[in-house]
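What follows is a single structure, and I will ask about it in a moment.
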Amino acid sequence: MDALRKILLQYAPECFIGDEIDPIALQHRLSSTENPNTTPITTGRLLLEHGPLEAKHQLLVGDNLEIMRSERKRFEKRFKCVYMDPPYNTGKQFLYNDQRSSIQEWLAFISPRLQLAHQYLRQDGLFFASIDDHAYAHLKLLCDQIFGNENYVTTFIWRRSGAGGLRKIFPVTTHEYILCYAKQKSCHSKPWHAPHSESSLNAFRWEDERGKYKRQALYHRTLAYREAQHYPITIPDGRKVYPPKEQGAWRYIKSRFLEEKNKNNICFIPSNRSPLRLEDGRPAPINIYTKQYLIAGQSNPSSLLNPALVGQTRAAKAELKSIFGSDLFQYAKPTKLLIHLFSLFPTEDGDLFLDMFAGSASMADAIHQLNPLLHTVSIQKPELCSPKSPAHEAGFMNIAALAWERICKTIPSTKARYRWQAKTEKK
Ligand SMILES: C[S@@+](CC[C@H](N)C(=O)[O-])C[C@H]1O[C@@H](n2cnc3c(N)ncnc32)[C@H](O)[C@@H]1O
């Protein structure tokens, strides 16, 4: 055994932390000798604690509570964004060999981790948590306590699958949630944007010297009647038109309407089906619209996520297949979903993102696709892959090894660093 250790030390010194063999580094080394770029750099605590944070993508292997407690000094108030995709409490049994089964136990597991997530965020930081139907209400209340209800941003609804399978008595749940909180909402002044979907782009059918625009009727049938939104508007032939008396209103009060008209943002379009009325009650020959210009391809984000933009579980499976040759991990999120969420808000090069439950490292992959100048820290415990699982059959002993392999494969050009957080390591 000693001879083997000596040989290993000579040929693969990076697989040791002190005298201990680092099993993930060793596994990685054995499976990827053909690609020297993917050789992991393992480092001791001292270097990481005092050294610069020069690796753009880091994987910390171990229990996230332990790691986050021990790294508090280094990471407190450093992160622009923390993402959490924990094992869900399915009501049957905790997933991933975990025995906790009650929601109280699940909350007790999550609560200290959430508090650390809060401490890790910068004042202008954001927190996102994926969660399913079973625990949503409980997690929302816990987050309200820790982040403050006043810092709640929204809950995104993600359609993870179509309603397939056998017909059951009750509706099939095909969606999950992503809770979003700001560390401090008042630190955010720039509006969030989302890219347009193909179908929303189709609405920008008109164009003038200022660019493409879509039309929105100034009169809205569903608006409640308000006197300030029921003024007459003079149309190009000099007659006056009104919204119908019985229902609806103009979208703007008069001063705003005049402002938009001066900016040339109002158009009068001939129509023989106009809901508007002339003074004598007859239908008006035109309808009135506001122009909404396409601004740098961005639209107002909605909490209801568009499956065409963000993908479903099957998109995540396809990604794993293209990275590893098969779908190795059941709980992966599609990178399209994460890219969409993390592109809604403004970031700057060098901003740090944390994934507390990395799984297959989809967040690091997504962030690199979003902007190669952003940095990530992913934490994943070395949870063993069960012997007959596809991951085990593909040669991965544990989920952290799989996460590391994905980081190396999808981010080959950037320096990545991984560190094994051994429990016995001295501070
Ligand atoms: C829902 S999965 C995350 C999936 C991931 N977002 C992805 O797209 O691949 C949760 C992960 O958290 C890991 N995990 C569970 N408890 C942990 C802990 N205490 N510390 C670190 N990782 C943990 C599990 O092993 C699992 O890989």
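Rounded, prolate or oblate: which fits region 260-330 when a ≥ b ≥ c are the square roots of the eigenvalues of the alpha-carbon gyration tensor, with rounded for a/c under 1.5 and prolate only if a/b beats b/c?
prolate
Rounded, prolate or oblate for region 304-427? Axes are the square roots of the Cα gyration tensor eigenvalues, ordered a ≥ b ≥ c, and the cut-off for rounded is a/c under 1.5.
Oblate, because a/c is 1.5 or more while a/b does not exceed b/c.
Which of Ser199, Ser161, Ser362 comes first, and how do the rest follow, when ranked by fewest Cβ neighbours within 10 Å?
With the sparsest Cβ surroundings first, the list reads Ser199, Ser161, Ser362.
Further, regarding this structure: What order do you get for Ile235, Ile21 when you list them from fewest to most C-beta neighbours inside 10 Å?
Ile21, Ile235
Also, I was wondering about something else. Calculate the translational D of region 205-293 in whole µm² s⁻¹ from Stokes-Einstein, where the hydrodynamic radius comes from the Kirkwood formula applied to all Cα pairs, the temperature is 10 °C and the viscosity 1.306 mPa s.
119 µm²/s
Please state the charge dipole magnitude for region 205-293, taken about the Cα centre, from unit charges on C-beta atoms (+1 on K and R, -1 on D and E), reported in debye and rounded to the nearest 20.
My answer is approximately 240 debye.
A further question on this structure: Could you pull out every residue, at least 5 positions away or on a different chain, whose amide H is within less than 5 Å of the one on His175? Hs are placed 1.01 Å off N in the peptide plane, and Pro or chain starts have none.
Arg160
Related question: Please report the net charge: other residues with Cβ closer than 15 Å to the Cβ of Asp280, K and R +1, D and E -1.
+3
Treating only the Cβ of Lys, Arg, Asp and Glu as charged (+1, +1, -1, -1), what charge dipole size does region 107-150 show about its Cα centre? Round to the nearest 20 debye.
The calculation lands at about 180 debye.
Under 5 Å between amide hydrogens, which residues at least 5 positions from Thr376 or on another chain qualify, with H placed 1.01 Å from N in the peptide plane?
His57, Gln58, Phe353
Karplus couplings for region 405-411 from phi (6.51 cos²θ - 1.76 cosθ + 1.60, θ = phi - 60°), rounded to Hz, Gly and Pro as x?
4, 5, 4, 5, 6, 8, 10
Right, something else. Give the Debye-formula value of log10 I(q)/I(0) at each listed q (0.10, 0.19 Å⁻¹), with one equal scatterer per alpha carbon of region 211-354, two decimals each.
The Cα Debye sum returns log10 ratios of -0.58, -1.11.
Could you derive backbone 3J(HN,Hα) for region 274-291 from the dihedral phi with the Karplus parameters 6.51, -1.76 and 1.60 (θ = phi - 60°), listing whole Hz in sequence and x where the residue is Gly or Pro?
Each residue's phi maps through the Karplus curve to give 5, x, 6, 10, 7, 4, 7, x, 6, x, 6, x, 9, 10, 10, 10, 9, 9 Hz.
What relative contact order, as a whole-number percentage, does region 205-293 give when Cα pairs under 8 Å and 6 or more residues apart are counted?
34 percent.
For each of Ile411, Ile295, count neighbouring Cβ atoms within 10 Å of the residue's Cβ, then give the residues from fewest to most.
Lowest count first: Ile295, Ile411.
While we're here: Under 5 Å between amide H atoms, partner at least 5 residues away or on a different chain: which partners does Cys385 have, H built in plane at 1.01 Å?
Asn398, Ile399
Quick note: the coordinates plus some simple rules give every number you see, no bench work behind them. The shown structure was predicted, so the numbers you read here are calculated from the model rather than taken from an experiment. Using ideal geometry, Cβ is built from the backbone for each residue, glycine included, and neighbour counts are taken over all protein chains shown.
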